[in-house]
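Data block below; observations after.
Just so it is clear, none of the values below were taken in a lab; they were calculated from the coordinates. This one's a predicted model, so the numbers in the text were calculated from it and none came from an experiment. Reconstructed Cβ throughout: ideal geometry from the backbone, glycine too, with neighbour counts over all protein chains shown.
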Amino acid sequence: MARSAAIRRLFESELDDMIALARLLCRNPHDVEDVVMDAFAEVVARYPQLDNPGGYLRTTVVNGSRRAARARHNRRRIREANVISLLPRREPPIGEHYLDDILATLTEREHTALVLVHYAGYSYDETADLMQEPTGTVKSLVSRTIQRLRKEVSA
Amino acid sequence: MSDEQLLSDLRARFDMIATDVPNRQRLAAQLREIVEPPRTRPLLAAAAAVALLVIGGFVAVSGFGSGGPDAVDVAAERVLGFEAAIEPDRPSGRRFASTLSGSPVDLALPDVTNGRWSVTADTDALVELTLTLAAESSGEDPALRLFIVPDLDAREVANQLVSGLFDTDVLSESQSQLGDLKGIKVAMASRQGTSRVAFRLGADTYVETVGIDRRYLVHIFTRPSGSFVVWLDAAQHDFNRARGEADRLRSSIVLGD
């Protein structure tokens, strides 16, 4: 019973953040459901063996979202006014924003690092853990990405 | 613009995107079923098992990686002809016919051991065939794309392709042949993990992919109205097998006038 209560608390405290994180990292709203469902189901199934269920949940969401983003990113995109009107939009825009086109050009790594550090508020060390990369690599990746964004915005 | 302003705008945009989740309430309800089952442990296990089955079902339904279980979206894609699976029990060598930029294209989809070809795009601008390999279902399946670049010969297309690569190395360039047509074959690979390859099909039209650790093999053939392109795009670890399967498929292509 204590386990059920703990899982419930985890659910209440993390649900919104995990949905938001998955939405940003997947870059497509239709991938969110699978990623978050899978992650919570895994936590429930493995709960007795987990030292840090919250950390495991976050890592599972990040990894699942990155896999989904890579899979989508790898698909071809056709952009033509009369073609795109026939094809389903993969990433429906929410309003218009001057950063959208620039963000769309970021690689999956750049985008993930940017979201984890500048949206989710993870430290560089935490982000490095989640991305399974050295902290220094993540720092320079974020720095270069910001520089690139600034340059693109100024252009 | 200052970094502070840029980051502030970025966070605001991220905030807005983060809330754009369709069926959020349904998702929350489904998750609640996982974490808040009736009070006994056997039922908790049963609920988790059901949830996993539901997830498995969603994956099976979405099939081609559309990702979400939203039936309307999946149906919409099918109505639009975006996904058109070839039945696994199809007769060997089943023909597939399409039209690219007004030119008929006909080919045979060979049987694949422990895998299958699917038609994942069939439009006037592009035909895309995806090779699903059961053993390596990483979500980044090899793809063979067929399209026509109007008004350019094979050399011009190859030059344009090579000049527009991003973090992608050209490994080799050699001659290619498709029936009586002679062409150019360009082999490429991702340089630093992620790479981008694009073809311009018109003033506002292009087809591109961004991939991680990919290998590419492009065959380009000059035709009267432009160039016919056959583009294999596969992960490094799938490439050799995908190339063999793609060569079998490519050799069956018949182009109409």
Cβ crowding within 10 Å averaged over residues, with B:140-151, B:4-15 ranked highest first: B:140-151, B:4-15
Relative exposure of B:Ser2, B:Ser190, judged by other C-beta atoms within 10 Å (fewest first): B:Ser2, B:Ser190
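Sorted by average packing, counted as other Cβ atoms within 10 angstrom per residue and highest first, what order do A:22-30, B:125-133 take?
Ranking, from highest mean packing down: A:22-30, B:125-133.
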Stokes-Einstein D (µm²/s) once Rh is taken as the Kirkwood radius of the stretch B:84-255 over alpha-carbon pairs, at 10 °C in 1.306 mPa s: 98 µm²/s
Calculated FRET efficiency for the pair B:Asp257/A:Ser143, C-beta based, R₀ 45 Å, to 0.05: 0.25
Using a Förster distance of 41 Å, the FRET efficiency for B:Asn240-A:Leu99 (Cβ separation, nearest 0.05): 0.50
Exercise: per-residue mean of other protein chain Cβ atoms within 10 Å, B:117-126: 3
Charge dipole magnitude, Cβ of K and R +1, D and E -1 - the stretch A:95-155, Cα centre, debye nearest 20: 320 debye
Cα-projected label distance for B:Ser174 with B:Ser225, points at 7 Å along beta-carbon direction, nm: 3.2 nm
Average partner coverage of A:118-131, which counts Cβ from other chains inside 10 Å: 1
Lys/Arg +1, Asp/Glu -1 at C-beta; the stretch A:95-155 dipole; positive extreme among A:Met131, A:Leu114, A:Ile146: A:Ile146
Burial ranking of peptide ranges A:116-124, B:214-222 (average Cβ count within 10 Å, highest at the top): B:214-222, A:116-124
FRET efficiency, A:Glu152 to A:Arg9 (Cβ-Cβ, R0 25 Å, nearest 0.05): 0.05
Estimated inter-spin distance, A:Arg46 and A:Asp17, nm [label 7 Å along Cα→Cβ]: 1.9 nm
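For peptide B:23-33, how many partner chain Cβ atoms fall within 10 Å of a residue's Cβ, on average?
Other-chain Cβ atoms within 10 Å of each residue's Cβ, averaged: 4.
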